[in-house]
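Here is the structure we will look at.
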Amino acid sequence: MWHKNFSDRLVAWNQLRTFNAHHPVEQALLNINSWWFETPWMPYHLHWDDQHTWPTPWQLLDDNLFCPVARGLGILYTVSMLERPDMADAELIESGGDYLVLVCQKKYILNWDQVEIANVMLTQTSGLRSINLDQIKNLIK
């Protein structure tokens, strides 16, 4: 159940990060992906080309508007703030209108399906637009 007010969302997001800081990578990613799929969906809010105006994680939770880009951004923010070496290669990519988070050498795909994160459908990722953890950390500052 998605929390209706900002302070509750903020507490829940903190609990999500704390809970998954030391779980095995696949379980942590499943938990993160599932949590962000609880957000209220809307078709458009953020645009890929407007990265310079993308909200910080706290603004994202406060806005409470989650298009596919915003949900992918939230997932990447969450992964980046865990600071886990086993997730350090995470990136958000734009792929044919989907905004996917790839982790562990593209073994896991988040923001595609609520319950599946295994890489079973993505075959081509080179040449796509992406943002990695180092770049996303600059948005957090």
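The values are calculated or read from the model by the stated rules, or taken from the named source; none is laboratory data. Only a predicted model underlies this, so the values are computations on that prediction, with no experimental measurement involved. Positions of Cβ are generated from backbone atoms using ideal geometry, with glycine treated the same way; all protein chains shown enter the neighbour counts.
For segment 74-96, the set of residues classified as closer than 17 Å to residue 13 by Cβ and in a helix (DSSP H, G or I) consists of 74, 75, 76, 77, 78, 79, 80, 81, 82, 87, listed by residue number. Filter segment 1-49 down to the residues that are in contact with a Cys (Cβ under 7 Å, 6 or more places away or on another chain) and at pLDDT below 95, then identify the one that is surrounded by the most Cβ atoms within 10 Å (Cβ to Cβ). Here the answer is 46. Residues of segment 1-18 that are part of a helix (DSSP H, G or I), free of Cβ contacts under 8 Å to residues at least 24 places away in the same chain and not hydrophobic (A, V, I, L, M, F, W, C): 7, 8, 14, 15, 18. Of all the criteria given as (1) over 21 Å from residue 100 (Cα atoms); (2) part of a helix (DSSP H, G or I), the one not satisfied by residue 22 is (2). Consider segment 83-109 and keep the residues that are in contact with a helix residue (DSSP H, G or I) (Cβ under 6 Å, 6 or more places away or on another chain) and under 20 Å from residue 34 (Cβ atoms). The one that is surrounded by the fewest Cβ atoms within 10 Å (Cβ to Cβ) is 86.
When residue 56 is tested against the conditions (1) hydroxyl-bearing (Ser, Thr, Tyr); (2) in contact (Cβ under 8 Å) with a residue 40 or more places away in the chain; (3) closer than 21 Å to residue 108 by Cα, the lone failure is (3).
Among the residues making up segment 61-77, those that are touching a residue at least 40 places away in the same chain (Cβ under 8 Å) and either farther than 13 Å from residue 139 by Cα or in contact with a Leu (Cβ under 6 Å, 6 or more places away or on another chain) (or both) are 61, 62, 64, 68, 71, 75, 76. Within segment 33-73, being of a type in the set (S, T, N, Q), part of a loop (DSSP other than H, G, I, E, B) and under 18 Å from residue 134 (Cα atoms) holds for one residue alone: 56. Going by what's in this entry, would residue 58 be described as more than 18 Å from residue 136 (Cβ to Cβ), surrounded by fewer than 15 Cβ atoms within 10 Å (Cβ to Cβ) and not basic (Lys, Arg)? It is false that residue 58 is more than 18 Å from residue 136 (Cβ to Cβ), surrounded by fewer than 15 Cβ atoms within 10 Å (Cβ to Cβ) and not basic (Lys, Arg).
For segment 19-27, indicate whether the set of residues that are without any contact (Cβ under 8 Å) to a residue 40 or more places away in the chain, out of contact with any Phe, Trp or Tyr (no Cβ under 6 Å at 6 or more places or on another chain) and among the hydrophobic types (A, V, I, L, M, F, W, C) is non-empty. The answer is yes; a qualifying residue exists.
Within segment 1-41, being closer than 14 Å to residue 72 by Cβ and over 13 Å from the mean Cα position of the chain (by Cα) holds for one residue alone: 41.
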